[in-house]
1. To make sure I understand the rule: partners must be aspartates and glutamates, Cα under 20 Å from the Cα of Lys23, and not fewer than 8 residues away in the same chain. Which ones qualify?
2. Taking loop as defined by DSSP and a crowding limit of 14 other beta carbons within 10 Å, which trypsin sites (Lys or Arg not before Pro) in the range 126-162 fit?
3. When Rg is the radius of gyration of the Cα atoms in the range 121-272 and Rh is its Kirkwood radius, what does Rg/Rh come to?
4. Give the dimensionless ratio obtained when the Cα radius of gyration of the range 1-143 is divided by 2.2 N^0.38 Å.
5. Which longest uninterrupted range of the chain lacks any GluC sites (Glu not before Pro) assigned by DSSP to a loop state (not H, G, I, E or B) and surrounded by at most 14 other Cβ atoms within 10 Å?
6. Taking a probe of 1.4 Å, how large is the accessible area per residue of the chain, in Å²?
7. Quick check on the range 209-326: take the gyration tensor over C-alpha atoms, sort the square-rooted eigenvalues as a ≥ b ≥ c, and tell me if it's rounded (a/c under 1.5), prolate or oblate.
8. How big is the chain by the Kirkwood estimate over distinct Cα pairs, in Å?
Amino acid sequence: MCLFLCTAFCIVLLTIINCVSAKWATRIAESFTALKLVAIGFLVMLGAAWVGKGNVENFEKPFANSTINASSFNLAFFEALYPLTGWNYLNYVAGEMTDPARDLPLAVTYGMFLVIGCYLLCNLAYFAILPKKTMLESKAIAVDAMVKVIGDTGLVLGPLFVAMSCWGAANSSLYTAGRVGHAAAVEGHMPRVLALVHRRYATPFISLLFQAFLGILFLLVDVDSLVLVFGFLTWTFFGGAFFALIRLRRLEPDLHRPYKVNLYLANFMCIASLALVISSVSQFPYECVGAIFFLLVGAGVYMTVVREAVAVPFVSRVSDASLTLMKALFNVDLGETGATT
C-alpha cells in the first residue's frame, strides 16, 4: 500500500508540473536525463573496476544451463524493447518543435544509439559484478551491483539513481501521452473534452489529467501482464504503421516528405513486428485475446461514431456535459498547445 501511495503521489506531482508549464516539464526531462547518464557512467566504471581486479568468472560460460523458453523469450523482448520506444514518443511532440524536419531525425538517430550504448554497458557491468542466480532473484539489480562493489554506500546511491531514472521516464511518458490524447481529440478521434487547453498555461490540461488517472489505475495491475499487453498492442500498431508507410511510399512516391525512412528498415521492422505479434498470440493467447477484444470494441466505436458520424444521443449528452463541467472547474477552452522547443 505504501508503494502504491508513493507512486501515485509521484504521478500526481508530475501531472501538476506538466499542467502548469510545458517548459518546466522539458527542463525536468533534460535534467534527469543528464543525471541518469551520470549514474550510468558511475555504474559502468564500477563494473570496469570490478573486472580490472580480475573478477571475470561471471563471463565464463555465461549461458550454461540456460533453457530456450518461447514465452519467456517473448516477454523478455517486450521488456527490453519498452525502454527503447523513445523514438516513437518523439513523434508525439513533433508539432511543438520549431524545426521537426531537421531536429526529429537527429534526435531519433543519436538518441537511439545513446540509449542502446548505455543499456549494453550497464548490462555488461551487471554481468561482471553479479552472478546469474543473483540477477534472476534481484528486485533491484542496480542497487545490488553497487552494494557488492562499494558496500553500504550503494544502499543510498542505488535507490537514488533508480528513483531518478523512474521519475524521468514517467515525466517523459506523461508529457508525450498527454499530447497524443489532445491531438486525437482535436482531430475528432477521441472525446472533445480531451482537446481542452488551459488558457493561461497553454498545456493539454484535461488530457494530462486523464493520463494521470489511467496511470494510477494501472498501478493496480500486475506489471508483467501490463508489459505483455502493452507490448502486444504497441507492436501491433507499429506493424500497421510500418506497413502503411511502405504502402504510401509506393502509391505516392512523389509526395513531399520533410524526412524519409529507409524502406529496407521499414520492411525489416514490419516483419519484426509481425513476428512479435504472432509469437505473443501463440504463447499468451488469453491475454492477447483480451487485448484484441478491447481493440475491436474501440475500433467499432470509432468506425460508428467518428468515421460514419453516427449521432448517439447519450454520447453527445455526456460529451457536452463533460465539456461544460471541465470549463466550469478549470480555466480551459478548446485550442492549441504552445510550442516548447
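The values are calculated or read from the model by the stated rules, or taken from the named source; none is laboratory data. Quick caveat, the model's predicted, so the values are computed rather than measured. When we count neighbours, we look across all protein chains shown, and the Cβ atoms used for this are built from the backbone with ideal geometry, even at glycine. Accessible surface is based on the protein model in full, side chains and every heavy atom, while ligands, DNA and RNA are left aside. Shrake-Rupley method; radii C 1.70, N 1.55, O 1.52, S 1.80 Å.
1. Answer for Lys23, where 20 Å is the Cα cut-off: Glu96, Asp99, Asp103, Glu336, listed by chain and number.
2. Values: sites: Lys132, Lys133, Lys139, Lys148; in loops: Lys139.
Those satisfying the criteria are Lys139.
3. Here Rg/Rh amounts to 1.08.
4. Cα Rg divided by the expected 2.2 N^0.38 Å: 1.31.
5. 61-186
6. 61 Å²
7. Oblate, since a/c reaches 1.5 and b/c is not below a/b.
8. By the Kirkwood definition, the hydrodynamic radius is 22.8 Å.
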